Amino acid sequence: MNRTPPVQLSTLLRTAAGPWPTHDSAASRAIDALSAQDLPPHTLMQRAGRAVAQLAMALVPDARRIDVLAGHGNNGGDGYEAALHLHRAGRNVVVHTFGRDTDWPPDAAASRQQAQAAGVRIVAGLDAAEWSRSELVIDALLGRGLTRPASGELAEAIRLLRGHAAPVLAVDLPSGLPGDTGALEVGAPCVQARWTLALLTLAPGLFTARGRDHAGEIWWDDLGATLTHADTPPPAAWLHSPVWAESVWPARLHAQHKGSFGDVWVLGGGRSMTGAALLAARTALCVGAGRVYVHLLDPDAHRLDPLHPELMLADAPTAARQQNATVVAGCGGGQAIREHLPDTLHHAARLVLDADALNALAEDPRLGEALRDRRDNGLPTVLTPHPLEAARLLGCSAAEVQSDRLVAIRTLAARTGAIVVLKGSGSLVASPDGIPWINTSGNAALATPGSGDVLAGWIAGLWSQLAGARSSKSASPVWPEAELAARHAVYQHGLRAEQLSPAGGVLVASRLIPSGP
């Protein structure tokens, strides 16, 4: 086992620039075939099994009894290869086999035969009493081969595994999790892994929808393959790399002044909801915007924020002011935001639409047309819907959005001509004609009132700085600025939650606001 060991993906993402692609199951099969054609037969499965065994012994070094659940397919073949290496390393290994006993894929059949010849114990199915002594379970039941919810003996094995005390290392994917979407049907059985070792390619479903809840800590091994073929399929999504984003972020120079970092206007805060607008405005200020103005839609609201007197509470911005600003519209806006949207859609140089502005957009076709006019006029917009708001914009249900988040965000970005941030576990960012990005930071602490308002202000604050850093004579396009600001804000917002509440406990949204740029 002298090959480069698997790497913890979170460490890789935070220390190396990438880019890090994810591929759906069809692309993964194509990449597997392309990689295998340059190698001797059976090489990739041998490397995969070696990587699983290597990681298993590193994660649970004292485990003497290890049980491998092997399905009928290449994922099961990886499990047999791992069992062979663990057996040779002196571990007490038992392979529990499921599915047909004939017609195995050639590589998987060879791995099973080698394990049998080496004396690895192989039994049919699960005897709960017999495997109760297990100190580590390796899940090699289904992997990327899942096309429908597990049923029969596989479903029963998954249910038994979820009740077992031993930690689980999943091979490629927790069995039962759809790798392309991460979405689970109600009641569908799925393994709860403590660790998942992704092999060769990364499945987008590991990082969004239900994937992060079931995959546990994700590790990766590229199996020594280099994807240099001209016909390598494009990724389904990219994983956001903060290292790359920080490397291209403009430095704050000594000679700059507040005007160098742009103006942000926040339009929102109707009756009983002024806090939402203030959360967005405070965040824009604290992440580094030059000047932040707030127009509260509640006519009786105080015109001073005592916590941040730096904020300028003002009347609605004129057309000229919007033409030079980054505008956030909708945070706590209620019905009152609707009368401001036509002018804002027409004039704002850069526009973030959140919350009640999105609901108004979904209900009024004229606003949708005005949004598309912005695209045609080269004025960039960022939409920040949660799944229900996205469903309203798409004319479907939130469950349909969550059933394939990547399809939903691509559709919404193409339909509106905007950069879209689809919030949720594994938030997504997509441009109208680009490959989506999956955010890898954050936890359940973000599930708190006002968290979305903070994010909207974060996006605007970063975006205003990018726009301010761009020379008026620069030919730099505005769309990459909008996407970069959205991606980096989503990442920093999630990272802040991790830092304040590592276990994902209760966190009030105002604490998410950083102390300064």
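When 344, 440, 147 are compared by accessible area of protein heavy atoms, the largest-first order is 147, 440, 344, using a 1.4 Å probe.
Between beta-carbons, use under 10 Å as the cut-off and find the net charge around residue 417, counting Lys and Arg +1, Asp and Glu -1. Numbers along the way, then the final one.
Working: positive: 372, 374, 375, 415; negative: 373, 376, 433.
Taking every other residue near residue 417 into account, the sum is +1.
Distance between the modelled labels on residue 162 and residue 260, one decimal in nanometres: 5.5 nm (7 Å Cα→Cβ projection). Rg/Rh, computed from the Cα trace of the chain with Rh as the Kirkwood radius, has the value 1.04. On the basis of the beta-carbon distance and an R0 of 51 Å, residue 366 and residue 124 show a calculated FRET efficiency of 0.20. Could you give me the percent of Cα pairs per 10 Å distance bin for the range 364-509, shortest bin first, beginning at zero and ending with the bin that holds the maximum distance? Per 10 Å bin, starting at zero, the Cα-Cα P(r) for the range 364-509 comes out as 11, 39, 36, 12, 1 percent.
Given a Förster distance of 56 angstrom, what is the FRET efficiency for residue 65 paired with residue 251, based on the Cβ-Cβ distance and rounded to 0.05? Intermediate results must be reported in sequence, preceding the final value.
Numbers: r = 55 Å, r/R0 = 0.99.
Computed FRET efficiency for residue 65 and residue 251: 0.50.
Translational D (Stokes-Einstein, µm²/s) of the range 262-375 at 37 °C and 0.692 mPa s when Rh comes from the Kirkwood sum over C-alpha pairs? Value of D from the Cα-based Kirkwood radius: 238 µm²/s.
Looking at the chain, send over the antiparallel percent of its DSSP beta bridges, to the nearest 5.
Numbers: 10 of 60 bridges.
Antiparallel bridges: around 15 percent, rounded to the nearest 5.
Spatial offset of the range 39-61 relative to the range 297-351 amounts to 57 Å, using the alpha carbon center of each. What is the percent carbon and sulfur in the accessible area of the chain, measuring with a 1.4 Å probe over the protein chains and ignoring ligands? The value for the chain is 52 percent carbon and sulfur by accessible area. Relative contact order of the range 109-261, taken over Cα pairs closer than 8 Å and 6 or more residues apart, is 17 percent.
Over the chain, calculate the relative contact order: mean separation of alpha carbon pairs under 8 Å at least 6 apart, over the residue count, as a percent. Numbers along the way, then the final one.
Values: 1131 pairs, mean separation 68.6, N = 517.
In percent, rounded to a whole number, it is 13.
Separation of the range 445-459 and the range 491-517, taken as the distance between their Cα centroids, equals 9 angstrom. Full extension of the segment from residue 304 to residue 37, taken as 0.36 nm per residue of separation minus the current Cα-Cα distance, would add 89.4 nm.
A 1.4 Å probe run over the protein chains yields, for the chain, 41 Å² of accessible area per residue, whole-number rounding. Between residue 415 and residue 320, the contour length at 0.36 nm per residue exceeds the alpha carbon distance by 31.4 nm. Find the centroid of the Cα atoms in the range 122-141 and in the range 365-430, then give the distance between the two in whole Å. Cα centroid to Cα centroid, the span is 45 Å.
Residues with beta-carbon under 10 Å from that of residue 338, excluding residue 338: net charge, scoring Lys, Arg +1 and Asp, Glu -1? All intermediate terms of the calculation are to be shown ahead of the outcome.
Details: positive: none; negative: 339, 356, 363, 364.
Within the 10 Å Cβ shell, the charges total -4.
Ordering 130, 156, 389 by accessible area with a probe of 1.4 Å, largest first, what comes out?
On the way: 130 40, 156 90, 389 15 Å².
Greatest to least solvent exposure: 156, 130, 389.
For the range 196-344, the Cα gyration tensor yields ellipsoid semi-axes of 42, 21, 16 Å (square root of five times each eigenvalue, largest first, whole Å).
A simple count of charges around residue 233, restricted to other residues whose Cβ falls under 10 Å of its Cβ and scoring Lys, Arg +1 and Asp, Glu -1, yields -1. Remark: the range 127-263 is approximated by an ellipsoid whose semi-axes, taken from the C-alpha gyration tensor as √(5λ), come to 39, 18, 15 Å, largest first.
The values are calculated or read from the model by the stated rules, or taken from the named source; none is laboratory data. Note that the coordinates shown come from a computational prediction; the quantities given were computed from them, not determined experimentally. Positions of Cβ are backbone-derived with ideal geometry, glycine not excepted, and every protein chain shown enters the neighbour counts. The area values use the complete protein model at the heavy-atom level, side chains included, leaving out ligands, DNA and RNA. Shrake-Rupley method; radii C 1.70, N 1.55, O 1.52, S 1.80 Å.
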